[in-house]
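This report concerns only the one structure given below.
The values are calculated or read from the model by the stated rules, or taken from the named source; none is laboratory data. Computed from a prediction, not measured in an experiment: that's the story for all the values here. Reconstructed Cβ throughout: ideal geometry from the backbone, glycine too, with neighbour counts over all protein chains shown. Accessible surface areas use protein heavy atoms only, side chains included; no ligands, DNA or RNA. Shrake-Rupley method; radii C 1.70, N 1.55, O 1.52, S 1.80 Å.
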Amino acid sequence: MFLGLFLSLFLSILPFSGNVTNAATPAVLSFTQGVQKTVLENGLTVLTKEVHTAPVVSVQVWYKVGSRNEGTGESGISHQLEHLMFKGTSDRPVQFGRLFSALGSQFNAFTSFDETAYFGTVQRDKLEALLTLESDRMKNALIGSEELTSEKRVVISELQGYENSPEYRLDREVRKAAFPNRAYGLPVGGTKADVEKFTVEQVRNYYQTYYSPDNATLVVTGDFTTEPTLKSIQATFGKLPKGKKTTVKVSPAVTAVSSPQKAPIVLKQPGSAALLQAVYPLPDIKHPDVPAIDVMDAILTGGRSSRLYQAVIESGLASSVSGSAAELIEPGWYDISATAAPEQEIRKIADVIQQSLTKLQQQPVTSEELNRAKTQLQASFILNNQDISSQASQLAYNQVIAGDYHYIEKYLSAIAQVTPQDVQRVAKTYLNPAKQTIGFFEPTQADGQPGTSSGGGRTTENFSPGQPVDPAELAKYLPPTTSATNSNQQSLPEQFTLANGLKVLLLQDRSLPTINISGQINAGNEFDNNQKAGLANLTATNLMNGTKTQDALTLAQTLEDKGTELDFSSSREGVSISGQGLSTNLPLLIQTIADVLQNANFPADQLELSRQRELTSLQVQLDDPRGMGRRVFQQAIYPKNHPFHSFPTIESLQNITREDVVSFYQQHYRPDATTITLVGDFEPTQVKSLLNKAFGQWIAEGKPPVLNLPFVTFPSNSQQLNTVIPGKTESVTYLGYNGISRKDPRFYAALILNQILGGDTLSSRLGTEVRDRLGLTYGIYSGFAAGINPGPFVISMQTAPQDTQKAISSTLALLKQFREQGITEAEFKTAKRSLVNSYPVDLASPSQVASIILENAILGLSTAELREFPQRLQAVTMTQVQKAIAELIKPENLIIVTAGPENTTTQGS
């Protein structure tokens, strides 16, 4: 639900997002093949598409209502209603998140400018149950005083959490100035002032106005049969009445911004890095200029070879730059954002960006740039729609926003026809300085230093948590599921090792012409020391900066010319390799990975640019309650001689020399410390030949470095630490201690334990108590970070500062109840069923499958774990879970860290 999800989801499903080759065209053209459109008598638009690649189905309901439809005093009401849609119905007065979780659904919702969407993906035998629940809440949602009061607190917590972000605050001010008389000029989540004033009557009327079959699109994709499914849809949704006749609120007519050019907006507030955001008005999604605008965007910001990356990042002025076109039902906007590198002037960055835009307006782009942009757009469309959930979202977006689910085909056809003159023309038309609204965020505390920390007293309140929700009570509201046996037994990867020790796992999947690569090198942050913390990450981020035969730009252009993605990033226990592309580009991906792993040359100038970007990233982390809180939390758990204690500092990053990076690379990047997984459309014999040719000469001497980590005990007693970060509105709290490794015999019992405790903020005990009953947090979660080595058990939550102590106290009380009373048999069975039922959904995504196979391999698990994981969960007994609770839940030993505003230590009332 959750507005934060909107941005990532929205941008990932738009046809113009991402990166596109002519080789992809046949698959692109077949995207709507098999889609059947049905319009029920009550006006509900239904799109169905059978996809029999995995035994799962996705159900999505998109309502054509968003912040665009909100009137004066209603800012955020679409988002508020989205939250209330999970509070139950007159027939099912229970939290719908618990019902979805019991079905094993991977579910969520989001609110946007033009739409509000609800989506879930489940095993195919749960399809009718999902249809029943979605049809129920389309007309029977509980919108009462109790529900609204509780959820308003949650929404305000969410909105205040966004206020922690300087990027959010700058975006809010820039769009408000760009669109002063339009709903698009306000945040989708609304304003705190409006949300606080919402009445039951107001929200209920909004619901009755916009939530009706004739204002909705239902999309079903996956492993089902169309005709019986349409009968089920008719039986559930077909009985709902049309909505009441109403005048739909729309924004006033759009007029061009006139000269003279507006003065820049300047925010001088506590923060870390300097920011820039420029907005230019665009036409609506149906305008014929949209394809050329998106090609223009790809030329400007589509990857490392793009014009703005080269102009402001490779020059050392900025640490990041991005662009995006918001093409909506009404005229939208083009957005350019940048983050300054340390000690660089944000206004100089604005000047350089303007010079690049002027050049684009004055000179036609090259055919090389044009073809690269088109290829990126086409390829990203294929790569972003490999799973049925993404395909359902694409269909829904095209139907609801563009008015036609065939829109994507017309769009991609138009992309192919874009000329250099078209790009030049739209640059002149829409990137007009006279129409620009630009804003600067100038931090008042930009030295990257953390706020003050202090020890806090233990909480003194005694909270009595409500009784756990009885799953038997929940069960009576669950719709029945169809009886179905899963005949699709998960295929297992082929595993082999090259002569030099490099491990490979292959899983063929011919359903789409794509390749997904996941890999890991045992060269992660655990090999850092405190004096040079950040070395492993700096090495990983510099791999693509050049080899013995290719410089950074050549590497980038070669990949981007094919719409192929390749990334290396360092984490605690390894450096991850992530690659995606069309199957025809598999040789290029393998050759590039082999080249950088064997021949990276770490140019000094590129290394220095990377260091500056890491320093900016560090400043941002220290200014973020989530990042800063997690750092303090982890350093309180692990002693200084433990690698999990080590985090980069300004001093440690500045201490790292090129010689350090080269030495680290030579010592840790070895074939016998590398594992690579490939999932997709390939011939195994061809892949083996490619791998042997590319990696065969990679030889390492001796044995790989190993670490012996010190044993970490539970803290002797509970400790509370508070870190103050100036200028923040919401607090983030972490509670926990050292946990277990993946190979711990209690791991599967711990998964079930955690699912009950805090695995899902809408269905867990913590969520039911702290979020739903008390309304103290936007979200609360728990989890075991179980890797090769034991990682922390952590509970995290975001709260208003005045609610922090109350939320901590209620969490402690619930943990004590959990420890003393244990769980019920019904809770145990429900949690187990939820985990087992959701696992096939993970396996429906090729990129997710590649990640799971890799993780199992590096953790030393059998390849059969991919298939046997559900059985291992099923084998766990109630006694084992109760024993795990006794051994792993220690309320009296918690480390508690809160980061945020100064008054987070205030005792709750």
Exercise for review: Test each condition in (1) touching a helix residue (DSSP H, G or I) at 6+ places or on another chain (Cβ under 6 Å); (2) closer than 23 Å to K176 by Cβ for A326 and report the one that comes out false.
Suggested key: (1)
**Study point:** Matching residues, region 225-244, being open to solvent by less than 90 Å² (accessible area, probe 1.4 Å) and either in contact with a Gly (Cβ under 7 Å, 6 or more places away or on another chain) or assigned to a loop (DSSP other than H, G, I, E, B) (or both)
**Key:** T225, F237, G238, L240, P241, G243
Practice item. Among the residues of region 90-142, write down those that are among the β-branched types (V, I, T) and touching an Asp or Glu at 6+ places or on another chain (Cβ under 7 Å). Key: T111, T116
Check your understanding: What is the one condition in (1) assigned to a loop (DSSP other than H, G, I, E, B); (2) more than 21 Å from Y210 (Cβ to Cβ); (3) not small (G, A, S) that K126 does not satisfy?
Key -> (1)
Study note, to complete from the structure: By residue number, the members of region 395-415 that are open to solvent by 10 Å² or more (accessible area, probe 1.4 Å), farther than 21 Å from S58 by Cβ and either of a type in the set (A, V, I, L, M) or not in a helix (DSSP H, G or I) (or both) are G403, L412, A414
Exercise for review: Check G579 against each of (1) in contact with a helix residue (DSSP H, G or I) (Cβ under 7 Å, 6 or more places away or on another chain); (2) closer than 14 Å to L678 by Cα; (3) surrounded by fewer than 23 Cβ atoms within 10 Å (Cβ to Cβ) and name the one condition it does not meet.
Suggested key: (3)
Check your understanding: In region 634-664, which residues are farther than 22 Å from I788 by Cα and in a helix (DSSP H, G or I)?
Key -> I650, E651, S652, L653, Q654, N655, R658, E659, D660, V661, V662, S663
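Conditions tested, residue by residue: (1) more than 30 Å from N164 (Cα to Cα); (2) in contact with a strand residue (DSSP E or B) (Cβ under 6 Å, 6 or more places away or on another chain); (3) not in a helix (DSSP H, G or I).
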| residue | (1), (2), (3) |
| --- | --- |
| S578 | yes, yes, yes |
| L589 | yes, yes, no |
| D595 | yes, yes, no |
| D605 | yes, no, no |
| L609 | no, no, no |
| G627 | no, no, no |
| V632 | no, yes, no |
Check your understanding: Tell me, which residue of region 604-660 that is more than 23 Å from Y309 (Cα to Cα) and of a type in the set (G, A, S) is nearest to the chain's Cα centre (by Cα)?
Key -> G627
Check your understanding: When region 877-892 is examined, which residues are found to be closer than 29 Å to Y638 by Cβ and either open to solvent by 20 Å² or more (accessible area, probe 1.4 Å) or touching a Cys at 6+ places or on another chain (Cβ under 7 Å) (or both)?
Key -> Q880, Q882, K883, A886, E887, K890, E892
Exercise for review: Scan region 872-887 residue by residue and report those that are more than 29 Å from the chain's Cα centre (by Cα) and in a helix (DSSP H, G or I).
Suggested key: Q874, M878, T879, Q880, V881, Q882, K883, A884, I885, A886, E887
Study note, to complete from the structure: So, first residue closer than 11 Å to I293 by Cα in region 418-438, second residue assigned to a loop (DSSP other than H, G, I, E, B), Cβ within less than 7 Å, six or more apart or across chains; the pairs are V423/V365; Q424/P364; V426/D289; Y430/L282
Study note, to complete from the structure: The lone condition V94 fails out of (1) at pLDDT 95 or above; (2) part of a loop (DSSP other than H, G, I, E, B) is (1)
**Study point:** Residues located in region 67-83, provided they are part of a helix (DSSP H, G or I) and either at pLDDT below 95 or not β-branched (V, I, T) (or both)
**Key:** S67, R68, N69, S78, H79, Q80, L81, E82, H83
Review point. In region 590-618, what residues are among the polar types (S, T, N, Q) and open to solvent by 30 Å² or more (accessible area, probe 1.4 Å)?
Key: Q591, Q598, N599, N601, Q612, S617
Practice item. Return the only residue of F784, F747 being among the aromatic types (F, W, Y) and surrounded by fewer than 19 Cβ atoms within 10 Å (Cβ to Cβ). Key: F747
Check your understanding: Is region 383-394 home to any residue that is outside any helix (DSSP H, G or I), modelled with pLDDT of 95 or more and either in contact with a strand residue (DSSP E or B) (Cβ under 6 Å, 6 or more places away or on another chain) or open to solvent by 40 Å² or more (accessible area, probe 1.4 Å) (or both)?
Key -> no
Check your understanding: Going through region 169-192 one residue at a time, which ones are among the hydrophobic types (A, V, I, L, M, F, W, C) and open to solvent by 20 Å² or more (accessible area, probe 1.4 Å)?
Key -> A177, L186
Check your understanding: With respect to the numbered conditions (1) over 16 Å from L812 (Cα atoms); (2) in a loop (DSSP other than H, G, I, E, B); (3) of a type in the set (S, T, Y); (4) open to solvent by less than 20 Å² (accessible area, probe 1.4 Å), which one is the sole condition not fulfilled by T713?
Key -> (4)
**Study point:** Cβ pairs under 6 Å, 6+ apart, first in region 667-695 and open to solvent by 10 Å² or more (accessible area, probe 1.4 Å) and modelled with pLDDT of 95 or more, second outside any helix (DSSP H, G or I) and of a type in the set (D, E, K, R)
**Key:** T675/K503; D681/R510
Exercise for review: Output yes when any residue across region 193-216 is open to solvent by 40 Å² or more (accessible area, probe 1.4 Å) and under 30 Å from F440 (Cβ atoms), and no when none is.
Suggested key: yes
**Study point:** Residue identified as among the small types (G, A, S) and surrounded by fewer than 21 Cβ atoms within 10 Å (Cβ to Cβ) among S90, S135, S75, S67
**Key:** S90
Exercise for review: Report yes if some residue within region 518-533 is farther than 24 Å from P792 by Cβ, among the charged types (D, E, K, R) and over 25 Å from the mean Cα position of the chain (by Cα); otherwise report no.
Suggested key: no
Point to revise | Flag for P166 being within 30 Å of S320 (Cβ to Cβ) and open to solvent by 40 Å² or more (accessible area, probe 1.4 Å) | key: no
Exercise for review: Out of L474, L502, L498, report the one residue that is surrounded by 13 or more Cβ atoms within 10 Å (Cβ to Cβ), modelled with pLDDT under 90 and more than 29 Å from the chain's Cα centre (by Cα).
Suggested key: L474
Point to revise | Qualifying position, being closer than 27 Å to F100 by Cα, open to solvent by 30 Å² or more (accessible area, probe 1.4 Å) and out of contact with any helix residue (DSSP H, G or I) (no Cβ under 8 Å at 6 or more places or on another chain), among Q848, Q874, Q821, Q817 | key: Q821
Review point. Among strands (runs of 3 or more DSSP E) lying entirely in region 270-355, which contain 2 or more residues that are surrounded by 19 or more Cβ atoms within 10 Å (Cβ to Cβ) and over 24 Å from the mean Cα position of the chain (by Cα)?
Key: 275-281
**Study point:** Filter result for L735 (aliphatic (A, V, I, L, M) and surrounded by fewer than 23 Cβ atoms within 10 Å (Cβ to Cβ))
**Key:** no
